[in-house]
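Report on one structure; see the data block that follows.
We did not get these values from a lab; they are worked out from the coordinates using the rules stated. Values in this document were obtained by computation on a predicted structure and should not be read as measured data. Reconstructed Cβ throughout: ideal geometry from the backbone, glycine too, with neighbour counts over all protein chains shown.
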Amino acid sequence: MPSLAVINSAGTMVASNTSWGTNTSPTPTQIASIASQVGAFAHASGSADCAQVVNLTPGAYIIQISGVSGATGVALAEVYEVP
């Protein structure tokens, strides 16, 4: 299972997720709606994909993707900063 973290230039994690379908804020329904609005890939219901919606102030950020409990695999990160 993947884990996603958004880290600001000060090294502070500002958002994270390990399974988009279990998010409480934003909810999976909100994530799916926003993903559709910006043209992002749709996630299958119940998938372990990561997704996060976060409003960021201008600046430099790092998206860190890693495996939970040492899991390995291939990751694709999509970023969409929409006014």
**Complete:** So the FRET efficiency between residue 14 and residue 74, C-beta based with R0 = 25 Å and rounded to 0.05, is 0.50
**Message:** With a cap of 13 neighbouring Cβ atoms within 10 Å, and only residues DSSP puts in a loop, list the chymotrypsin sites (Phe, Trp or Tyr not before Pro) found in segment 14-67.
**Reply:** 41
**Fill in**
The answer for residue 15, listing residues at least 5 apart or on another chain whose modeled amide H is closer than 5 Å to its amide H, is 6
**Prompt:** Label points 7 Å out from Cα along the Cβ direction at residue 36 and residue 48: separation in nm?
**Reply:** 2.7
**Request:** Extending each Cα 7 Å along its Cβ direction at residue 82 and residue 62, get the distance between those two points in nm, one decimal.
**Result:** 2.8
**Relative contact order (percent, whole number), the chain, Cα cutoff 8 Å, 6+ residue spacing** = 40
**Fill in**
Of the convex hull drawn through the C-alpha atoms of segment 2-70, the volume per residue in Å³ is 99
**Asked** So what is the 222 nm mean residue ellipticity for the chain from helices alone, if each DSSP H run of at least 4 adds -39500 (n - 2.57) and you divide by all residues, rounding to the nearest 500 deg cm²/dmol?
**Response** -4000 deg cm²/dmol
**Prompt:** Which whole-Hz ³J(HN,Hα) couplings does segment 65-72 yield from phi under the Karplus relation 6.51 cos²θ - 1.76 cosθ + 1.60, θ = phi - 60°, glycine and proline marked x?
**Reply:** 10, 9, x, 6, 6, x, 4, 10
